[in-house]
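The values are calculated or read from the model by the stated rules, or taken from the named source; none is laboratory data. All of these numbers come straight from a predicted model, not from anything done at the bench. All Cβ positions, glycine included, derive from the backbone under ideal geometry; neighbour counts span all protein chains shown.
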Amino acid sequence: LDQPPAEELKHVTERRLALVIAVGQYASETLQPLPSALEDARGLERVLGDAALGQFEIRPLINRAAHETIAAIEDFVAEARTADLLYVHFSCHGLKDVDGRLYFAASNTRTDRLFSTAISAATVNDLMIKARSRRRVLVLDCCYGGAFLKGVLPRRADRRVGVTERFSDGGGFVVITASDALQYVFEGTTVSGEATPSVFTKLLLAGIESGEADEDGDGWIGITELYRYVNKRIADELPVQRPEINNFRVQGEIFVAQSRNVSLQLPLSWEEARQGGSRQVSVGEGEVMLSIPAGIDDGDKRRYPGLGRPGSGSLLAGDLLVYFKVAPPPPSVALALERERFGRFRHAVLGPVQGLTSAARLLMILAEEAGVDQARLEPLIVRVEAEAEVLRLWRENQRLYYSANIEVRKRRQPLRPVLDRCTKRVMLLLREREVGLQLEWRCRENLHLSFDSHAIDLVLSNLLDNARRYCFSRTTVIVGVQLRGPKEIAISVEDVGHSGPEYLDSEDVGSKQLFVKSDSLRTISGQGLGLAMSAAIVKAHGGRLSYWSEPLAGTAGTDTLKSTPHRVRFTFTLPSAQRSSGANQ
Amino acid sequence: MTASTYSHRVALWVDDDGPERFPYEEFLLERSGWKVRWASSVAEAMERLRRDCFDAVVLDQFLPLRSSETGHGAGAWGGCLLLYWLRGVPPPAGAPETTALDEDKGGNDPPREENRGVRVVIVSAFFDAEVAAAISDLPGTVAAFAKPIEVQALIDYLR
C-alpha cells in the first residue's frame, strides 16, 4: 500500500524550534561556575531534540557573551513563522540590579555592570513578544547569584519583583520559572567532579523521558502537564523550591513532547516493507513491530527487549516479517487504572491495536502450520492493513488537532495521483467488506490544481475511511471529480449506508463545532475528529466541505438493526481559478 | 435448542468491535472446543440470550445499547447493564435504563432461565473503577480480562 510518510505532513502544522542558553563558565570571579548549566544543555539537546520525544530543532548557545546571546535570540525569533512553536530555555545565574530589575548572567557579565554585560529580562521579553509565532515557551532555570552552602546554591532573594512579573505581554506565551523571587534555586550537590543537572531541569527532562508527565495518557506532554509534574516532584525533593507558571493569552495546551508512555508509530505498509525499514505499534507494555524479513538484529533486541523471550514471536506473512510482543497488563492492574489514563485514546487506538495484534498472532500460528492455505492468510493480512490505516489516520488527525493552526503549502500539481494513491490504499480494506470502489472522473484527467498534496491526501483518506466504516456490505463507494462552476473543482465520496449524525450541517461541515476539544472527547468514540480536521484543511485551501444524504427505499443491516439505508455524500471543493488548469466538463 | 445439543460448548461474545478484531481469540477458543457466537450490542445480546442457551458469555464493558449506536451511549455501563439483566438484579441507581430496548423483540423480558447463572467474563481495554466495584458485588461468577486478551488464560478460566 502506498502512503505518504507521516513526517511529510509536519510542514502543514509547525516547526518546533528550541534555543537552549546555558552559561556555566563566568569570567567574573564574583559569579560561581555552574557546571549543572552545561549538563542541563546536554540533557535538553538530547531529550527535546529526540525525534520520538520533543522533536525540536535545537540551537545550543553555550557560555556566550551577553551581546552574542541577545543577537542569537533576536535571530531566533525573527526567523519564526506563525505556526512555529518556540521554546527558549535559560540555565544560568539570575541577577537583579539595585532597582530590582532582572538580568541573566552571560559569560562576560560583571555584577557591577549588569546593564552592559548581562542580558536584561526586559530585552528577552521584548524579543519574545515580537515573535510572529503564536506559541512561545520560556523556561527560566536561573538564580540570583550566591554561594554554595552544604551542596546547595542559595540565590539572593528580593521581595520587590519576581521573575514572572517581567514577562507580561504577548499572546500565546508561557513562562515557567524554577522558582520565584522569594526563593532560591538549587543545583546538584557538587561543584567539582561529575556535573549534574539542576534539580529543576533534571525533573523536567525526567518527566519527558519517562513519559510520566503525560498525565492524561494522550501521548503528548503539554507544557502545563510538564509544569505540574515538575512542581509535584520538586516538592518531594526540595520542598522549599516552588516553580511557577504563567500563561499569557494561551488558548489550549502547548505540547512540548510526545510521550513514550503511548508511543504510537505505524506499522509498515507493504511498499515500505518491501523497501526496508521498520515501524512499531506500541501501547503500554504490548507492542507489535512489523519489519522486512531481515532477522532480528542487536538493535532490534535493544529496542524491543521482549523479542526472543517467551511471549514474543515472529512470523513471515508474504514479504512481511511480523515481530510481536504482547504483554497486556493483568486484570488487577487494569482495574487500578484511572479513567483519565486511557481516556483519549482508549477507543480510538486500543480497538485497532486489539485487531492488529489478534490478526498478527493468528497469522503466526497459521504460518507455522504446514500446507496452510494462502487464501486463509489474506483476510488476516488485510485486517492488519486495515487497522494500520485506522491508526495512521488517527495519528495524523490528532497531530493536526493538537496544532494551534493549520497551514497548507499549496503547489500547482496534478490531482489524479493523489486520488489514485488514496483509492488504491482503501481498495483492499473495502474488499474486506465486499464493497466496491468506483472512480468517476468527470473532467479532464490531467487536471492541475494548487493544493497541498499531503493535506488533501489526509482529507480524502478520512472521507474514504468514513465511507468504509459506515457503508453497507455489497455496496459501492463512488469517488467523483467534477467542475462546479468556473472556479471550483468538487471532489466527492459517496456511499450507501447509515445516515450521518444529525449535527452535520448540509452546506458547510466546517461551520459546525464537530469536534469539541474538551472532556466530551472521552465520552464519544470516533465521531468527528477526521471530519473536523478535513474541514479545516479544506478551509485552509479556500474550499469547503459539505454533507448531503437521502434515504433510500428498503431496509438493511443486521437481524436486530433494521436501518433505512441512506445515500451519503461528502463533497469538498478546491479553488480552480485559472481556466488553463486543464479542467473541462 | 440448548447449549447441550452441541458437541462443543457455546460462548456468546458481545463486543461492538465484532469478530474481525478477535480472529486469534476465536481461533484458539474453537481449537479448545468452543463455538463462538457474536453480538454487537446489549439489545442484540439480550435477544440471543432469550433465544439460545450458552455455556459462557464474554462481555465487553463499553458497549452500545443498540447496534445502531456508533458510540457508547451507556458508557462504562453498557456491558454491565446486560449482566444485571442476565442475573435478574436491578441495576444501581444512576445506571441508564434498558426497558425501552427493542420493544418489538421482547423489551426487557428475561433471558432463558438456563442462562441466568452462566459464567461471565467482562473484557475491557480499560476498567472503570466504579463499574468494576459494582460488578464484583454481583451474584455468580464474573471475571475481568484486559484487552488485548490473554486468550490462553481466558480458555483456562472457562475450562
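Some values worked out for this structure:
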| read-out | value |
| --- | --- |
| Whichever residue in region B:24-50 is at pLDDT 90 or above, among the small types (G, A, S) and not in a helix (DSSP H, G or I) and, among such residues, is surrounded by the fewest Cβ atoms within 10 Å (Cβ to Cβ) | B:G33 |
| Single match in A:G24, A:G49, A:G54, A:G100 (criterion: surrounded by fewer than 23 Cβ atoms within 10 Å (Cβ to Cβ) and in contact with a helix residue (DSSP H, G or I) (Cβ under 8 Å, 6 or more places away or on another chain)) | A:G24 |
| A:G94 vs. criteria at pLDDT below 90 and closer than 19 Å to A:T201 by Cα | yes |
| Residue check for A:L380: buried (at least 21 other Cβ atoms within 10 Å of the Cβ), at pLDDT below 85 and closer than 29 Å to A:V496 by Cβ | yes |
| Sole exception among (1) in contact with a strand residue (DSSP E or B) (Cβ under 8 Å, 6 or more places away or on another chain); (2) crowded, with 20+ Cβ neighbours inside 10 Å; (3) modelled with pLDDT under 60 for A:V174, by number | (3) |
| Test: residue in region B:138-154 that is modelled with pLDDT of 85 or more and more than 9 Å from chain A (Cβ to nearest Cβ) | yes |
| Positions within region A:523-567 being touching a strand residue (DSSP E or B) at 6+ places or on another chain (Cβ under 9 Å), within 14 Å of chain B (Cβ to nearest Cβ) and either at pLDDT 85 or above or not in a strand (DSSP E or B) (or both), in sequence order | A:L531, A:T555, A:G557, A:T560, A:K562, A:T564, A:P565 |
| In region B:24-35, the residues that are within 11 Å of chain A (Cβ to nearest Cβ) and under 16 Å from B:L59 (Cα atoms) | B:E25, B:E26 |
| Meets criteria (of a type in the set (A, V, I, L, M) and either at pLDDT below 65 or not in a helix (DSSP H, G or I) (or both)) for B:A76 | yes |
| Residue list for region B:103-137, filter: at pLDDT 75 or above and more than 12 Å from every other protein chain (Cβ to nearest Cβ) | B:D109, B:P110, B:P111, B:R112, B:E113, B:E114, B:N115, B:R116, B:G117, B:V118, B:R119, B:V120 |
| Residues (touching a strand residue (DSSP E or B) at 6+ places or on another chain (Cβ under 8 Å) and not small (G, A, S)) located in region A:95-110 | A:L95, A:K96, A:D97, A:R101, A:L102, A:Y103, A:F104, A:T109 |
| Filtered residue count, region A:99-143, keeping only those that are part of a loop (DSSP other than H, G, I, E, B) and hydroxyl-bearing (S, T, Y) | 4 |
| Region A:454-480 - residue that is surrounded by fewer than 21 Cβ atoms within 10 Å (Cβ to Cβ) and touching an Asp or Glu at 6+ places or on another chain (Cβ under 9 Å) and, of those, nearest to the other protein chains (Cβ to nearest Cβ) | A:Y470 |
| Residue ID - farthest from A:M128 (Cα to Cα), chosen from residues in region A:74-98 that are aliphatic (A, V, I, L, M) and outside any loop (DSSP other than H, G, I, E, B) | A:L95 |
| Qualifying positions in region B:1-23 - at pLDDT 90 or above, touching a Ser or Thr at 6+ places or on another chain (Cβ under 9 Å), closer than 15 Å to B:V151 by Cβ and outside any loop (DSSP other than H, G, I, E, B) | B:P23 |
| Number of positions in region A:35-58 that are outside any loop (DSSP other than H, G, I, E, B) and under 19 Å from the mean Cα position of the chain (by Cα) | 7 |
